[in-house]
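Asks: Can you read through this structure? Questions will come right after.
The values are calculated or read from the model by the stated rules, or taken from the named source; none is laboratory data. Here the structure is a predicted model, which is why all the values come from computation and not from measurement. Backbone-built Cβ (ideal geometry, glycine too); neighbour counts: all protein chains shown. Areas reflect the complete protein model, heavy atoms only, side chains present, ligands, DNA and RNA absent. Shrake-Rupley method; radii C 1.70, N 1.55, O 1.52, S 1.80 Å.
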Amino acid sequence: MRLNSPWHPYLPPGDTPPAERLADALAGDIMGEKLDAGDRLPAHRDLAWRLGIGVGSVTRAYAMLERRGLVRSVRGRGMFVASRPGRSGHVIDLSANMPPPMFGNRALARTLGRLAHTVDPALFNVYPPIAGHIEHRRIMGHWLAELGVDMPPDRLLLTSGAQQALGVAASVCRRIRTIAITEELAYPGMLSLLRQTGFAPHGLPIDRHGLLPEPLDRVLGAHDHGQGVLYVTPTMHNPTTATMDHARRHDIVRICRNHDALIIEDDVYDCARDDRLPPLVTLAPERTFYVNSLSKTLSPGLRIGTLAPPARFMAAAADALLNSSLMIAPLSYAMMAQWMLDGTATSVRRALRGEAGRRRELAMRILGPALTPPAYDAFHAWMPMSMEQAADFVSAAAREDVRVTPLKPFIAGPGPCMRGGIRLCLGPATLPDLTEALRRLHHVHAGMQQ
């Protein structure tokens with residue numbers, strides 16, 4: 001071990017157990033490449049003595065890191081930093097909105113090894129129920145309860161990612177509604193789904209607290225009672241990071257009730273969870289289709305989403321799910337259950353929140369006032385600018401070998417969009433690559449202001 005290692009014997013203060021704080025601190029240094037692959041971690045007793053904690057806490061912290069594949073144990077020699085994926089190429093991609101990789105080869109191999117001894121062969125020998133096996137829905141229900149959404153398992157549908165859940169919700173709503181409303185900038189995947197199901201999305205203005213209530217009230221009032229459906233992302237809106245405060249959430253629900261409008265709530269950004277801000281489904285369960293996913297909170301490759309429709313639409317949603325013809329792979333079900341039951345999922349979710357915070361601080365430090373300060377920690381950020389500047393910025397960033405997402409796919413229409421900007425995805429790149437990309441973008445932005 002290098003005695004001058006950039007992570008010194010310091011344990012951040014906090015209310016969480018010492019093992020979790022130590023694991024988070026070490027994970028941050030490993031993800032940030034302050035520790036190199038092959039670096040040896042201190043012996044359990046030595047580190048425990050230096051930090052003033054129990055040896056058992058160090059043992060548990062190292063075990064958490066090993067489950068995530070960040071370290072590896074070598075019998076008789078100690079614990080070492082595992083190899084991390086290198087840079088993907090010359091162009092630094094900030095266009096894909098996903099968390100950083102948290103599972104290495106060893107973590108996946110360990111999970112698959114356990115599954116070989118514990119998985120039920122029946123998972124692979126029969127078609128799963130349309131809504132998912134009840135035991136897996138129960139596990140997902142416990143996961144959602146930790147996010148403030150208390151939903152019984154028989155009210156949950158498991159889907160192949162959030163995209164399928166959104167498609168099912170849109171399909172059900174299209175049978176009984178004619179008007180689809182969303183923010184003027186919205187998730188392109190959902191805009192495409194709405195158009196495929198026959199809706200013409202109607203985008204409405206937003207501010208830093210999300211969708212404005214007055215325009216929503218006017219648009220719903222201009223159509224027959226009970227004709228509208230609202231698609232909305234209340235927390236860390238994609239792409240602008242706007243987050244509805246408590247009052248705004250109640251206003252939106254009140255207006256939807258007054259006009260008997262349905263709500264599709266996209267709540268995939270768990271890293272931003274704030275217990276003070278209730279999900280819309282808890283305020284209006286009778287009209288809200290609630291969507292969540294593990295792709296943004298555990299791993300992009302774990303394509304398991306969940307849809308909680310209003311009780312009266314449960315049968316219709318199950319029919320739409322059947323007709324979508326996509327099925328979750330049995331192995332994904334088994335891995336979800338294993339990670340949630342052995343504590344890996346909770347550990348990774350907590351670590352991702354810490355990593356999101358580090359990357360948010362990095363972006364704010366480099367881009368400063370060019371960036372809208374995000375309300376919470378997640379893996380995307382927003383640079384406001386005019387529509388014309390946004391188009392120029394994409395081209396200028398490409399000349400600096402940084403890929404960012406063009407604004408056009410986010411525009412809901414049909415009228416002119418009042419907000420322009422660039423979404424930056426902070427998750428996929430390594431921290432050194434992200435740092436370099438943000439510096440290049442700072443240079444691009446400064447040049448455009450001259």
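Asks: When you look at Ala320, is it under 16 Å from the mean Cα position of the chain (by Cα), crowded, with 17+ Cβ neighbours inside 10 Å, aliphatic (A, V, I, L, M) and over 30 Å from Leu112 (Cβ atoms), yes or no?
Replies: On the way: under 16 Å from the mean Cα position of the chain (by Cα): no; crowded, with 17+ Cβ neighbours inside 10 Å: yes; aliphatic (A, V, I, L, M): yes; over 30 Å from Leu112 (Cβ atoms): yes.
No: the conditions fail for Ala320.
Asks: Which of the residues belonging to segment 424-442 are within 15 Å of Glu361 (Cβ to Cβ) and in a loop (DSSP other than H, G, I, E, B)?
Replies: Leu426, Gly427
Asks: For the condition without any contact (Cβ under 8 Å) to a residue 40 or more places away in the chain and within 17 Å of Pro101 (Cβ to Cβ), what is the one hit in Arg77, Arg45, Arg72?
Replies: So the residue among Arg77, Arg45, Arg72 that is without any contact (Cβ under 8 Å) to a residue 40 or more places away in the chain and within 17 Å of Pro101 (Cβ to Cβ) is Arg72.
Asks: Additional query: Ala162 passes all but one of (1) within 23 Å of Met327 (Cα to Cα); (2) touching a Leu at 6+ places or on another chain (Cβ under 7 Å); (3) of a type in the set (A, V, I, L, M); which number fails?
Replies: Condition (2) is where Ala162 drops out.
Asks: Before we move on, is Ile181 assigned to a strand (DSSP E or B) and either surrounded by 19 or more Cβ atoms within 10 Å (Cβ to Cβ) or at pLDDT 90 or above (or both)? Full working, then the answer.
Replies: On the way: assigned to a strand (DSSP E or B): yes; either surrounded by 19 or more Cβ atoms within 10 Å (Cβ to Cβ) or at pLDDT 90 or above (or both): yes.
When the stated conditions are applied, Ile181 passes them.
Asks: Of all residues in segment 375-386, how many are open to solvent by 10 Å² or more (accessible area, probe 1.4 Å) and either at pLDDT below 90 or of a type in the set (S, T, N, Q) (or both)?
Replies: 4
Asks: Can you tell me which residue within segment 149-168, out of those that are farther than 27 Å from Gly198 by Cα and of a type in the set (A, V, I, L, M), is least open to solvent (accessible area, probe 1.4 Å)?
Replies: Top of the filtered list is Val149.
Asks: When you look at Thr344, is it closer than 30 Å to Glu66 by Cβ, in contact (Cβ under 8 Å) with a residue 40 or more places away in the chain, among the hydroxyl-bearing types (Ser, Thr, Tyr) and open to solvent by less than 10 Å² (accessible area, probe 1.4 Å), yes or no?
Replies: It is true that Thr344 is closer than 30 Å to Glu66 by Cβ, in contact (Cβ under 8 Å) with a residue 40 or more places away in the chain, among the hydroxyl-bearing types (Ser, Thr, Tyr) and open to solvent by less than 10 Å² (accessible area, probe 1.4 Å).
Asks: Still on this model: Go through His223, His209 for me and flag whichever is in contact with a strand residue (DSSP E or B) (Cβ under 6 Å, 6 or more places away or on another chain), farther than 17 Å from Lys296 by Cα and modelled with pLDDT under 95.
Replies: Step by step, each of His223, His209 is checked, and only His223 is in contact with a strand residue (DSSP E or B) (Cβ under 6 Å, 6 or more places away or on another chain), farther than 17 Å from Lys296 by Cα and modelled with pLDDT under 95.
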